[in-house]
Structure formats: C-alpha cells, structure tokens
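Enquirer: Got a structure for you, questions after.
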Amino acid sequence: MRATFTYLIGPNKGEQASFNESAISVGRAADNKLCLGDGARRVSSHHAEVIRRGDQFVLRDLGSTNGTMINGRRVMVSELQQDDLIEFGAGGPLVRFAIEQDIAQDQVQTIADRQRDSISQATPKGPLANLARRGLKGNAALLAALVAAMVLGAVGGIVASSRLRASDPDTLNFAEVAALNSPAVVFIRT
C-alpha cells in the first residue's frame, strides 16, 4: 500500500510522488521525504508528516507557521481519505492524496469486493427491507407512540398558545381585544 501525492498547482503540476514508508515527512528542507522545495515560501522547513497506521494514513501538522489544510479546513491531526486535497500553508502547494494498493493486494481486494457485491445483491435493500429485518411489530408500536406524542404535543401547544396570548393584553390586536370584551361593550348613542 503506497501513499501517492499528485501536485495540482505550481511548477510540479501533474507530477506524482509515491511512498511505501510508514512515515512521510513533508516540508521545504531537503531532508524531507516529500520535499516541496525552497520556492514554496508558505511551507515550513519541516511542515507536516503523514503516518501509516494499518490501512489508514494520518496527517499531522508539525507546528508549521502557515498551517496545513485538508479540503480547505485547517487541521492539526486528521485521518486522510482517498482524493483529499492537502494544502501546505494558506496559498501554498496543493496536492491530491491517494492510496495505491499493491497489485497482489488489489486482486485479493477485488475478489472480496465481488463476493460482497454478489451477497448484497441477493439481499433486499432500503428502509422497507430494514423494517422487515427488524420486525414490523416493534416498529409499528414505536411509530404509533411517535404519532400520538406528536398529536398531543400539537394540541397542547395550541391550547397553551391561546391561553398565553389571552393572558397578555399587550400582544393582542384590535380584533382580539374586541372579541374578548364583546360581552362588556355597550353602544351609547346620544
């Protein structure tokens, strides 16, 4: 399993660098495995490192001056995913991260994927299949309880809203005031 970095901007645009090591140092200094060169002014001399942990790669910023971004978000430590965009320093070199598997491992993985796909095609998918697997009785009772709670909440909200509104005369409009006081209104004509 190799970590591959593809340069997306700058003088090395389109070039790739692949590594089989468990730790890949990144920076401007020549002693880094992924040396970004002296021209990369936003990059610290020892900017970051990519560490392999099993089948995963983790990027760790080494206290760089301008930070390390993955997909536009500044990170200190983050797990890398296939096709993540890594920027070393704001406005600095931008690379696309990829994981390449060895040919033998890739063939084994392909066979395992085909077996998994054939099994998943044979089983029903979607929310209805999940309901069937879990049992409709438990879900029906849960659904009925949820609907009942929603109805009670709505009715309670309407009742509470009307009582609160009537108790606060400052928030009533003219029509509401007239409706509340209609038994007490007297029309006198002289």
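Enquirer: Given the peptides 46-55, 141-150, 86-95, arrange them by the average over their residues of other C-beta atoms within 10 Å, most packed first.
Expert: Top to bottom by mean Cβ count within 10 Å: 86-95, 46-55, 141-150.
Enquirer: Between residue 76 and residue 99, with labels modelled 7 Å along Cα→Cβ, what's the label distance in nm to one decimal, could you check?
Expert: Reported label-point gap for residue 76 and residue 99 is 2.5 nm.
Enquirer: Mind putting a number on the dipole of the range 1-60 about its Cα centre? Charges go on the C-beta only, +1 for Lys and Arg and -1 for Asp and Glu, and I need it in Debye to the nearest 20.
Expert: Result for the range 1-60 is approximately 160 debye, rounded to the nearest 20.
Enquirer: Something else about it: Give me the number: length gained by fully extending residue 58 to residue 84, i.e. 0.36 nm times residue separation minus the C-alpha to C-alpha distance, one decimal in nm.
Expert: Roughly 8.2 nm would be gained on extension.
Enquirer: List, in order, the whole-Hz ³J(HN,Hα) value for each residue of the range 43-58 obtained from phi through the Karplus relation with A = 6.51, B = -1.76, C = 1.60 and θ = phi - 60°; use x for Gly and Pro.
Expert: 9, 6, 4, 10, 7, 7, 9, 10, 10, 8, 10, x, 9, 10, 10, 10
Enquirer: Moving to a separate point now. How far is it, in nm, from the label point at residue 144 to the one at residue 173 when both lie 7 Å from their Cα along the line to the Cβ?
Expert: 4.2
Enquirer: Normalised by the number of residues in the range 3-77, what is the relative contact order in percent for Cα pairs under 8 Å and 6+ residues apart?
Expert: This gives 19 percent for the range 3-77.
Enquirer: Quick one: Cα centre-to-centre distance for the range 14-28 and the range 34-58, in angstrom?
Expert: With the range 14-28 and the range 34-58 each reduced to a Cα centre, they are spaced 7 Å.
Every read-out reported here was derived from the displayed coordinates using simple, explicitly stated rules and does not represent laboratory data. These numbers were taken from a predicted model, which means no experiment stands behind them. With ideal geometry, Cβ positions are generated from the backbone for all residues, glycine too; neighbour counts draw on all protein chains shown.
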